[in-house]
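Just so you know, all these numbers are worked out from the coordinates, no wet-lab data involved. Note that the structure is a prediction, hence the values are computed from the model and not measured. Here the Cβ is made from the backbone with ideal geometry for all residues, glycine too, and neighbour counts use every protein chain on show.
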Amino acid sequence: MAKAKLIISSKNYSSWSLRGWLTAKFSGLDFVAESVSPDDASARAELLLLSPSFLVPKLIHDGIEVWDTLAIAEYLHEIRPDAGLLPADRAARAHCRAISGEMHSGFRAVRSALPMNLRSSHPGYRIYSDVKADISRIVEIWEFCLGRYEGPYLYGKTLTIADAMYAPVATRFRTYDVKLGPVAQGYVDRILALPEMIEWTADALAEPEQIEEFESEF
């Protein structure tokens, strides 16, 4: 029987739930995921960016409740240190925390203009200047990490917190037909091909719920 529970919201729309779920998967923690309806107030606030503080996703483990994706990631690193969620090298570990924090608190233009929607596709989608600036910074981060740590993931051969944090961006780049160079596109392709991402996407495609704000034509 699983010893932990992860409360998530929509697999189709919730980038933060995906981040928490991937981090738990990468950690090797034995857990079950429990979904709340997108109509739940906390879940809806998270999906529509209506609150600076979200209670979904939330990890429940050994009687301890942890919410906020980065807090969940740090907790998982504490209880599963051998999983490699943070790099072993101190400098790399500090850099991993920094770019994960940058994703956590920044890139609002991408979040607002390119909402996560795994069931949707927008070929030739028009990207505006503020979104282009966010995309350029994300690509800069990816290219630096993949060059410095030699891939295939951001910090080498082990999937880390950073890969979980940027995975929803990979789905957005696919949904909105964002044109990337070979290094960034290769990273997107590797992330989307992960067994965990394939599992999550299949579940997302089967979800019956729709949120009209994300289904209108942009």
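Structure values in brief
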{"quantity": "DSSP bridge orientation in the chain - percent antiparallel, rounded to nearest 5", "calculated": "65"}
{"quantity": "Label-zone membership for the range 162-188, site residue 91, 7 angstrom Cα→C-beta point, backbone N under 20 Å", "calculated": "162"}
{"quantity": "Descending semi-axes in whole angstrom, ellipsoid equivalent of the range 69-177, from the Cα gyration tensor", "calculated": "27, 15, 13"}
{"quantity": "Choice from 155, 187, 125 with maximal GNM fluctuation in the chain (Cα, 10 Å cutoff)", "calculated": "125"}
{"quantity": "Mean residue ellipticity (222 nm) of the chain, computed from DSSP H runs ≥ 4 via -39,500 (n - 2.57), nearest 500", "calculated": "-16500 deg cm²/dmol"}
{"quantity": "Rg followed by Dmax, in Å, when the chain is reduced to its Cα trace", "calculated": "16.4, 50"}
{"quantity": "Spatially proximal lysines relative to residue 11 (Cα-Cα < 16 Å; intrachain offsets below 8 disregarded)", "calculated": "25, 58"}
{"quantity": "Kyte-Doolittle mean at least 0.0, axial Cα span of 20 Å or more - DSSP H helices of the chain", "calculated": "129-149, 161-175"}
{"quantity": "Förster radius 35 Å - calculated FRET efficiency between residue 207 and residue 133 (Cβ-Cβ, nearest 0.05)", "calculated": "0.65"}
